[in-house]
Amino acid sequence: MEKIIIANHKMNLDLNDVNNYLEKLKNYKDKFIVFPSNIYLPYFINSNYKVGIQNIYKDNFGSFTGEVSPYQAKKLGVNYVLIGHSERRDIFHEDNELINAKVKKALENNLKVVLCVGETLEERESGKTLEVIKSELSAIGEHEDIIVAYEPGWSIQTGKIPSNEEIKEVVNFIKKCYNVKVLYGGSVSAENIEMIKSIKQIDGYLVGGASTKIDEFIKIIEVACE
Ligand code: PGA
């Protein structure tokens, strides 16, 4: 089965970088889904990349300055959306209630949802990992056609990743609760992709920082697709 590879650019890259990226990755554009900053979405869409949006609001229209709606994104040509990323949960204080509402609205607009779940270091150390994941998974409800990304908050941008056994435990737990595809995200790099790939239960990878480094990202795609 082909792996799902996601490039999450977060709030990185400028217009020159984006043009360079479009050119250098053009032979790989069928192999991954790119989640750029909102202002660069049309560049990727017009170049026929598979495109996702990093966040959306829970309504289609209204007075919500600065927000983008699932309806607007879909109309533009976006097909995927990340919901519940740990940066949204931690920095922007999004709770499960808001996240659940976003998931519902995204699905109504026929966006494919990538729901991010994951524990903090404190939660892991106090043995609460599966409990936290379970409550974050509640957004799935009856909608099993969504993709789940397991991203431990303590692994994002830190270079630290859980052991294969720890990843397996969570991925198996998610798959036992719901019939969904599960990705791993958190410090995925050209160095560790081989090791992560040995975990057969994982359906793909969500790559942040390393997806903005063109040469490294190409290496990751090549190993993931071998
Ligand atoms: P990272 O980010 O690969 O830079 O750790 C992953 C993510 O936050 O999606």
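The values are calculated or read from the model by the stated rules, or taken from the named source; none is laboratory data. Note that the structure is predicted; figures quoted are calculated from it, not measured. Cβ coordinates were reconstructed from backbone atoms using ideal geometry, including for glycine residues, and neighbour counts include every protein chain displayed. Just so you know, the surface numbers come from the protein's heavy atoms only, side chains and all, with ligands and any DNA or RNA stripped out. Shrake-Rupley method; radii C 1.70, N 1.55, O 1.52, S 1.80 Å.
Some notes on this structure:
- Close amide H pairs (under 5 Å, H built 1.01 Å from N) link GLY204 with ILE4, TYR184, residues at least 5 positions away or on another chain.
- Each Cα pair under 8 Å and six or more residues apart adds its sequence gap; the mean of these over the residue count of the range 1-51 is a relative contact order of 43 percent.
- Under Karplus coefficients 6.51, -1.76 and 1.60, residue-wise ³J(HN,Hα) of the range 151-163 in Hz, glycine/proline x: 10, x, x, 6, 9, 6, 6, 9, x, 9, 10, x, 5
- With the highest mean first, a sort of the peptides 62-69, 121-128, 151-158, 208-215 on other beta-carbon atoms found within 10 angstrom per residue produces 151-158, 208-215, 121-128, 62-69.
- Positive dipole terminus of the range 1-103, leading residue within TYR28, ILE56, TYR43 (C-beta point charges): TYR28
- Summarising the label geometry, the points placed 7 Å from Cα in the beta-carbon direction at ASP14 and ASP59 lie 3.6 nm from one another.
- Where Rh is the Kirkwood radius over Cα pairs, Rg/Rh for the range 8-130: 1.01
- Among the listed pairs LYS128/LYS168; LYS50/LYS134; LYS105/LYS175; LYS31/LYS168, those beyond 21 Å (Cα-Cα): LYS50/LYS134; LYS105/LYS175; LYS31/LYS168
- The share of accessible area on the range 80-140 that comes from carbon and sulfur is 49 percent, using a 1.4 angstrom probe.
- Remark: the range 79-226 carries 46 Å² of accessible area per residue (probe radius 1.4 Å; ligands, DNA and RNA excluded).
- In terms of overall dimensions, the range 132-226 has a Cα radius of gyration and Dmax of 13.4, 40 angstrom.
- Accessible area of the range 2-52 belonging to carbon and sulfur atoms, whole % at 1.4 Å probe: 45
- Test item: Cα-centred dipole of the chain, Lys/Arg +1 and Asp/Glu -1 on Cβ, debye: 640
- Over the chain, relative contact order from alpha-carbon pairs under 8 Å, at least 6 apart, %: 20
- Kirkwood Rh in Å, taken over all unlike Cα pairs in the range 1-77: 13.4
- Taking all C-alpha pairs of the chain, those more than 23 Å from each other amount to 44 percent.
- FRET efficiency, 1/(1 + (r/R0)^6) with R0 30 Å, evaluated for GLU226 and ILE39 via beta carbons: 0.30
- Based on C-alpha pairs under 8 angstrom that are at least 6 apart in sequence, the range 73-113 has a relative contact order of 56 percent.
- Separation in nanometres of the label points that stand 7 Å from Cα toward Cβ, at ASP145 and MET1: 1.7
- For the residues GLU166, GLU216, GLU136, a GNM of the chain with alpha-carbon springs under 10 Å puts the largest fluctuation on GLU166.
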